[in-house]
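Enquirer: Quick one: the structure is below, and I'll ask about it shortly.
The values are calculated or read from the model by the stated rules, or taken from the named source; none is laboratory data. This one's a predicted model, so the numbers in the text were calculated from it and none came from an experiment. Neighbour counts are summed over all protein chains in view; Cβ atoms, including those assigned to glycine, are modelled from backbone coordinates with ideal geometry.
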Amino acid sequence: MLVLTRKVGEGVRIGDDILIRILEEKDGRIRIGIEAPREQRIYRDEIYTRIQKENVEATQWKPDDLRRLSKSLFRKDQKE
Amino acid sequence: MSTLDTRFGTIAYDPEQTIVFVQGMIGFEHLKHFVTVPSEEDDFLICLQSVEDGSVAFLLVDPTRYFPNYSFPIAEDVKAGLQSDSMKDLVVLCTITVHQDQSITLNLAAPVLIAPSTHLAMQIVLEDPKYSTREPLGGANS
């Protein structure tokens, strides 16, 4: 991992079109501002990792699950 | 029609009906093309099969069947990405996870938006903590 030291107000550029700027440091929390092309997906790391993990798990179903799924989900529909 | 080898066997699909993920599902950014495979069991379960990787398929469902109040604002960049102007043109689906203990959860935190008019799709992330990646949806014992 590349490690850089920056002060508030300074920034880092990644490639030609991404700018990360340190905006504020207060009580151990750091606010950053990010300028990037809008098609660039930007998420908090822990959220991205959680979704990524869930997507991988969501591909692990087996053909046998289908019948059971539609049965139990259908039953749920009936309740409502 | 074209054919595709999946882990459920060979399926036939119409290339014209391919759904293109603008950025891929999160963690599957390299997979852009998907087809919906009709389920033999029920039509409310949608199987989204990757064209590029036969081993990757997601099960999706309309979350409002179970959570009628589920809604969220759609950012302008998402509308632009899907080339769709209004929310009502979009189909909102959530992925289902079948866990080892057979419980079933719905990922409300990262819905999949599909624009039927453009065949473009995108998975977005809702950072609102009220939306769980694992909202229980019953299981074997429910």
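Enquirer: Can you pull out the residues in region A:12-65 that are more than 30 Å from B:Ser50 (Cβ to Cβ) and among the acidic types (Asp, Glu)?
Expert: Hits for region A:12-65 are A:Asp16, A:Glu24, A:Glu25, A:Asp27, A:Glu35.
Enquirer: Tell me, yes or no, whether region B:66-81 has at least one residue that is among the basic types (Lys, Arg) and under 20 Å from A:Arg38 (Cα atoms). Let's see the steps before the verdict.
Expert: We begin by selecting, within region B:66-81, every residue among the basic types (Lys, Arg); these are B:79.
The next check asks that each one be under 20 Å from A:Arg38 (Cα atoms); those that pass are B:79.
Yes, that holds for at least one residue.
Enquirer: From the set of residues in region A:49-80 that are modelled with pLDDT under 90 and among the basic types (Lys, Arg), which is nearest to the chain's Cα centre (by Cα)?
Expert: Once the filter is applied, the top-ranked residue is A:Lys62.
Enquirer: So B:Lys88 fits all but one of (1) loosely packed, with under 13 Cβ neighbours inside 10 Å; (2) within 12 Å of chain A (Cβ to nearest Cβ); (3) assigned to a helix (DSSP H, G or I); what number is the exception?
Expert: (2)
Enquirer: Among the numbered criteria (1) in contact with a Leu (Cβ under 8 Å, 6 or more places away or on another chain); (2) surrounded by 17 or more Cβ atoms within 10 Å (Cβ to Cβ), which single criterion is violated by B:Thr6?
Expert: (1)
Enquirer: Could you tell me whether region B:97-106 includes any residue that is more than 15 Å from the chain's Cα centre (by Cα), among the hydrophobic types (A, V, I, L, M, F, W, C) and within 11 Å of chain A (Cβ to nearest Cβ)?
Expert: Scanning region B:97-106 turns up at least one residue that is more than 15 Å from the chain's Cα centre (by Cα), among the hydrophobic types (A, V, I, L, M, F, W, C) and within 11 Å of chain A (Cβ to nearest Cβ).
Enquirer: Looking at region A:16-40, which of its residues are within 14 Å of chain B (Cβ to nearest Cβ) and part of a loop (DSSP other than H, G, I, E, B)?
Expert: Within region A:16-40, A:Ala36, A:Pro37, A:Arg38, A:Glu39, A:Gln40 meet the criteria.
Enquirer: Picking from A:Glu24, A:Glu46, which residue would you name as being within 23 Å of the chain's Cα centre (by Cα), under 30 Å from B:Thr64 (Cβ atoms) and modelled with pLDDT of 85 or more?
Expert: Within the list A:Glu24, A:Glu46, the selection yields A:Glu46.
Enquirer: Hey, can you tell me all the residues within region A:41-57 that are more than 8 Å from chain B (Cβ to nearest Cβ) and surrounded by fewer than 13 Cβ atoms within 10 Å (Cβ to Cβ)?
Expert: A:Ile42, A:Asp45, A:Glu46
Enquirer: Further, regarding this structure: Filter region B:16-25 down to the residues that are modelled with pLDDT under 95 and within 8 Å of another protein chain (Cβ to nearest Cβ), then identify the one that is farthest from B:Val125 (Cα to Cα).
Expert: Filtering first and then ranking leaves B:Val22.
Enquirer: Something else now. Over 23 Å from B:Lys79 (Cβ atoms), surrounded by fewer than 16 Cβ atoms within 10 Å (Cβ to Cβ) and at the interface with chain A (Cβ under 9 Å from one of its Cβ atoms) - does that describe any residue in region B:44-62?
Expert: Within region B:44-62, one or more residues are over 23 Å from B:Lys79 (Cβ atoms), surrounded by fewer than 16 Cβ atoms within 10 Å (Cβ to Cβ) and at the interface with chain A (Cβ under 9 Å from one of its Cβ atoms).
Enquirer: Restricting to region B:91-101, name every residue that is outside any loop (DSSP other than H, G, I, E, B) and not β-branched (Val, Ile, Thr).
Expert: Matches in region B:91-101: B:Leu93, B:Cys94.
Enquirer: Test A:Gln60 against the stated conditions and say whether it is exposed (fewer than 14 other Cβ atoms within 10 Å of the Cβ) and either more than 8 Å from every other protein chain (Cβ to nearest Cβ) or in contact (Cβ under 8 Å) with a residue 60 or more places away in the chain (or both).
Expert: no
Enquirer: Then there's this: Among the residues of region B:65-85, what is the count of those that are over 26 Å from A:Lys62 (Cβ atoms), within 12 Å of another protein chain (Cβ to nearest Cβ) and either in contact (Cβ under 8 Å) with a residue 60 or more places away in the chain or surrounded by fewer than 19 Cβ atoms within 10 Å (Cβ to Cβ) (or both)?
Expert: Taking region B:65-85 and keeping what is over 26 Å from A:Lys62 (Cβ atoms), we get B:68-85.
Keeping just the survivors that are within 12 Å of another protein chain (Cβ to nearest Cβ) gives B:68, B:75-82.
When the remaining residues are screened for being either in contact (Cβ under 8 Å) with a residue 60 or more places away in the chain or surrounded by fewer than 19 Cβ atoms within 10 Å (Cβ to Cβ) (or both), the result is B:68, B:75-80, B:82.
The qualifying residues number 8.
Enquirer: Which number in (1) under 20 Å from A:Lys62 (Cβ atoms); (2) at pLDDT below 90; (3) surrounded by fewer than 18 Cβ atoms within 10 Å (Cβ to Cβ) marks the one condition that B:Leu137 misses?
Expert: The number of the failed condition is (3).
Enquirer: Go through region B:1-56 and tell me which strands (runs of 3 or more DSSP E), entirely inside it, have 2 or more residues that are of a type outside the set (S, T, N, Q) and more than 17 Å from the chain's Cα centre (by Cα).
Expert: B:2-6, B:9-13
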